[in-house]
Amino acid sequence: MFKRMSALLLVGATVMTMAGCGSGGTTSASQPGSGGGDDKITMGFSQVGAESGWRTANTKSVQESAKTAGIELKFSDAQQKQENQIKAIRSFIQQKVDVIAFSPVVESGWDTVLKEAKNAKIPVILTDRAVDSADTSLYKTFLGSDFVEEGRKAGKWLVEEYKDSTETVNIVELQGTTGSAPANDRKAGFAEVIGADAKFKVIASQTGDFTRAKGKEVMEAFLKSNPDIDVLYAHNDDMGLGAIEAIEGAGKVPGKDIKIITVDAVKDGMQALADGKINYIVECSPLLGPQLMDLAKKVVAGEQVPTRVVTEETTFTQEQAKQALPTRQY
Ligand code: AHR
């Protein structure tokens with residue numbers, strides 16, 4: 001009897017696990033179609049994907065913080081596709097969750113689905129990335145980094161690094177996902193700062209989709225068509241790390257023959273900085289989970305929250321990376 005019951009429990013558990021593992025799938029501990037049914041807050045969270053070390057750390061932060069805060073999380077991985085995020089949000093609306101949070105893969109095209117959430121009286125929190133909707137009543141708040149400022153910080157380091165040089169500085173840029181807020185803003189902030197001095201020339205700029213593989217592929221193409229690259233500006237560590245492989249493959253020394261600036265400061269990036277293969281990293285913190293859960297509790301309780309919550313961040317030189325690495329959380 002005991003064995004039969006254990007077997008039934010095991011089958012049940014396996015079915016639940018499988019239901020949560022499908023592509024673009026949603027994981028949940030509660031019955032579909034319910035918002036949880038008790039006082040516990042249920043949050044539907046649509047994540048961009050798992051494209052980078054940053055994203056993996058962000059997912060972990062959200063999942064762990066939900067547990068700590070006693071919030072039931074319905075988590076959906078969109079695999080970098082906007083249509084999957086729209087489907088996930090519609091499914092959260094049908095399930096009558098208490099709050100929806102999502103990190104929009106691109107900035108545009110959200111108005112219709114956000115209006116559906118508003119009509120269903122489900123508050124929405126943007127995390128990490130912004131949308132370009134003119135109607136800001138479609139979401140309660142936006143929690144995340146100032147990506148324009150991150151681009152400016154990258155540009156300021158470069159200006160300082162070459163302050164005594166009068167020669168042209170040839171820069172190649174690996175952009176993040178086309179149409180995403182961090183790609184648009186990091187490009188704009190960087191261009192704003194280096195644009196003040198004509199010696200800085202962006203000779204090639206292309207998307208590497210925030211992935212290591214694409215960063216390597218695009219950097220290989222850059223190296224083939226541009227023999228005199230002085231600087232690489234990569235919108236995240238992963239693309240920078242892929243590019244390092246391409247640079248080494250071309251017989252050049254990353255960090256010396258080609259100076260490298262990246263954004264994020266995940267462990268692998270910080271290690272490359274400590275090793276002298278990257279020259280400077282602008283931090284972008286993925287640890288948004290605790291703040292997100294606090295905001296969720298407040299909006300569900302009908303409390304006022306600030307419309308914008310900016311993440312605190314710093315920058316790293318080689319020496320600072322060496323010091324920070326032993327205690328780096330992600
Ligand atoms: O939106 C944040 C960006 O997305 C991170 O910088 C990048 O690594 C991630 O994929």
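Here, each number is a calculation from the coordinates, and none is a lab measurement. These figures come from a predicted structure and were not determined experimentally. Cβ: placed from backbone, ideal geometry, glycine included. Neighbour counts: every protein chain shown.
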- Between Glu303 and Lys115, what length comes free when the chain is fully extended (0.36 nm per residue of separation minus the Cα-Cα distance, one decimal in nm)? 65.6 nm
- Message: Sorting check: for 254-262, 231-239, 96-104, 130-138, which peptide has the highest mean count of neighbouring beta carbons within 10 Å, and how do the rest follow?
- Response: 231-239, 96-104, 254-262, 130-138
- Message: What does the net charge come to around Ala134 if you take all other residues with beta carbon closer than 15 Å to its beta carbon, with K and R at +1 and D and E at -1?
- Response: -2
- Note on the structure: Diffing the stretch 193-206: the Karplus 3J(HN,Hα) column from phi (6.51, -1.76, 1.60, θ = phi - 60°), in whole Hz with x for Gly and Pro, holds 6, 6, x, 6, 10, 5, 6, 8, 10, 7, 8, 7, 8, 8
- Item | Order by protection proxy (mean Cβ within 10 Å, highest first), peptides 110-116, 42-48, 224-230, 264-270 | 42-48, 264-270, 110-116, 224-230
- Task: Compute the signed sum of charges (Lys and Arg +1, Asp and Glu -1) over the other residues within less than 11 Å, Cβ to Cβ, of Ile261.
- Result: 0
- Query: So how far apart, in nm, are the two label points at Lys224 and Lys256 if each is 7 Å from Cα heading toward Cβ?
  - Reply: 2.7 nm
- Message: Which order do the peptides 314-322, 172-180 come out in when sorted by mean C-beta neighbours inside 10 angstrom, highest first?
- Response: 172-180, 314-322
- Item | the stretch 147-284: equivalent-ellipsoid semi-axes (sqrt of 5 x gyration tensor eigenvalues, Cα, Å) | 19, 17, 15
- Task: For every other residue with a beta carbon closer than 13 angstrom to the beta carbon of Phe200, add +1 if it is Lys or Arg and -1 if Asp or Glu, then tell me the sum.
- Result: -2
- Note on the structure: Between Ile260 and residues 5 or more places away or on another chain, the pairs with built amide H atoms under 5 Å apart involve Leu232, Gly255, Asn279, Tyr280
- Whole-Hz ³J(HN,Hα) from phi, Karplus 6.51 cos²θ - 1.76 cosθ + 1.60, for the stretch 277-294, glycine and proline x: 8, 10, 9, 7, 10, 9, 6, 9, 7, x, 7, 8, x, x, 5, 4, 5, 4
- Quick one: what are the phi-derived ³J(HN,Hα) couplings along the stretch 131-145, Karplus 6.51/-1.76/1.60 with θ = phi - 60°, whole Hz, x for glycine and proline? 10, 9, 4, 6, 8, 6, 6, 6, 9, 7, 7, 10, 9, x, 6
- Message: If a paramagnetic tag sat 7 Å from the Cα of Thr56 along the Cα-Cβ line, which residues of the stretch 216-247 would have the backbone N under 13 Å from that point?
- Response: 238
- Spin-label model distance (nm) - Lys67 vs Glu313, 7 Å beyond Cα toward Cβ: 2.7 nm
- For the stretch 190-330, calculate the relative contact order in percent as a whole number, restricting contacts to Cα pairs under 8 Å that are 6 or more residues apart. 19 percent
- Mean ellipticity per residue at 222 nm, deg cm²/dmol - from DSSP H runs of n ≥ 4 across the chain, formula -39500 (n - 2.57): -13500 deg cm²/dmol
- Just from the alpha-carbon atoms, what are the Rg and Dmax of the chain in angstroms? 21.8, 84
- Once amide H atoms are built 1.01 Å from N in the peptide plane, which residues 5 or more positions from Val202, or in another chain, come under 5 Å H to H? Ile171
- the stretch 42-97: relative contact order from alpha carbon pairs under 8 Å, six or more residues apart, as a whole percent, is 50 percent
- Message: Once you place label points 7 Å from the Cα toward the Cβ at Thr168 and Lys199, how far apart are they in nm?
- Response: 1.4 nm
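Over the chain, calculate the relative contact order: mean separation of alpha carbon pairs under 8 Å at least 6 apart, over the residue count, as a percent.
Rounded, it is 16 percent for the chain.
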